[in-house]
1. Would you check if GLY119 is on the phi < 0 side of the Ramachandran plot, assigned to a loop (DSSP other than H, G, I, E, B) and of a type in the set (Gly, Ala, Ser)?
2. Residue check: is LEU61 open to solvent by less than 20 Å² (accessible area, probe 1.4 Å) and either modelled with pLDDT of 95 or more or in a helix (DSSP H, G or I) (or both)?
3. ARG77: part of a strand (DSSP E or B), of a type in the set (Lys, Arg) and either at negative phi or under 16 Å from the mean Cα position of the chain (by Cα) (or both), yes or no?
4. Name the residue, out of LEU107, LEU120, that is within 15 Å of the chain's Cα centre (by Cα), more than 20 Å from GLU23 (Cα to Cα) and modelled with pLDDT of 95 or more.
5. So if I check each of ARG133, ARG169, which one is open to solvent by 70 Å² or more (accessible area, probe 1.4 Å), in a loop (DSSP other than H, G, I, E, B) and free of Cβ contacts under 8 Å to residues at least 40 places away in the same chain?
6. Can you find even one residue in segment 34-54 that is over 19 Å from GLY141 (Cα atoms), modelled with pLDDT of 95 or more and open to solvent by 60 Å² or more (accessible area, probe 1.4 Å)?
7. If I ask for residues that are closer than 20 Å to ALA46 by Cβ and either free of Cβ contacts under 8 Å to residues at least 40 places away in the same chain or open to solvent by 30 Å² or more (accessible area, probe 1.4 Å) (or both), which ones from segment 96-118 would you list?
8. Residues of segment 3-33 being at pLDDT below 95 and open to solvent by 40 Å² or more (accessible area, probe 1.4 Å), which ones?
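The values are calculated or read from the model by the stated rules, or taken from the named source; none is laboratory data. Values in this document were obtained by computation on a predicted structure and should not be read as measured data. Cβ placement follows ideal geometry from the backbone for every residue including glycine, while neighbour counts extend to all protein chains displayed. SASA here: full protein model, heavy atoms, side chains in, ligands and nucleic acids out. Shrake-Rupley method; radii C 1.70, N 1.55, O 1.52, S 1.80 Å.
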Amino acid sequence: MLIGAELRVDGVGGVIVELEAYEQHDPASHAHRGLTRRNASMFGPAGCAYVYRSYGLHWCLNVVCGPPQTASAVLLRALEPTVGLELMRARRGLDDARLLCSGPGRLCQALGVTGADDGLPLDRPPFELRAARSPASVVVGPRIGISKAAELPWRYGLAGSRFLSRPFRAPG
């Protein structure tokens, strides 16, 4: 499980507290219409990075999680920064630790992730991905910031985390 796992990029990082899942037959997925140059890494082996630019502005980091050619990945939406906060603050131009990595674009800016990281394995430098130290209590809800298949409950977060990109809605 990635919620509660630790991610570092060149020694800077923290605990993954929020993510969203996407798969090839999902109309919100970049892979929905098939393999392209832009989404090729999403079709790669599990454990690799799929990095893309959102709206031409922000880099977004995904973890490929299915067998090759299945195009399954999870978008890392937020992490709790624990290591390298001063460098993250310099990269982001702000002091509030809660805002350093709360959102996919913020996360990549704080960690220094760019398109050059697309396709790289997450178990080798510059990445380091460590399993969670203990089981995480996970909350589930609909994905955010999309218009297609937004109702699917494929957003996952660390219960009680103040580092989420947005709070989870109460059920009901």
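1. Against the criterion (on the phi < 0 side of the Ramachandran plot, assigned to a loop (DSSP other than H, G, I, E, B) and of a type in the set (Gly, Ala, Ser)), GLY119 does not qualify.
2. Working: open to solvent by less than 20 Å² (accessible area, probe 1.4 Å): yes; either modelled with pLDDT of 95 or more or in a helix (DSSP H, G or I) (or both): yes.
Taking the combined requirement at face value, the residue satisfies it.
3. Details: part of a strand (DSSP E or B): yes; of a type in the set (Lys, Arg): yes; either at negative phi or under 16 Å from the mean Cα position of the chain (by Cα) (or both): yes.
The answer is yes for ARG77.
4. Numbers: LEU120 fails: more than 20 Å from GLU23 (Cα to Cα).
Of the residues listed, the single one that is within 15 Å of the chain's Cα centre (by Cα), more than 20 Å from GLU23 (Cα to Cα) and modelled with pLDDT of 95 or more is LEU107.
5. On the way: ARG133 fails: free of Cβ contacts under 8 Å to residues at least 40 places away in the same chain.
Within the list ARG133, ARG169, the selection yields ARG169.
6. Looking through segment 34-54, none of the residues is over 19 Å from GLY141 (Cα atoms), modelled with pLDDT of 95 or more and open to solvent by 60 Å² or more (accessible area, probe 1.4 Å).
7. The one that is closer than 20 Å to ALA46 by Cβ and either free of Cβ contacts under 8 Å to residues at least 40 places away in the same chain or open to solvent by 30 Å² or more (accessible area, probe 1.4 Å) (or both): ASP118.
8. Just the residues of segment 3-33 that are at pLDDT below 95, to begin with: 20-33.
Passing the criteria: GLU23, GLN24, HIS25, PRO27, HIS30, HIS32, ARG33.
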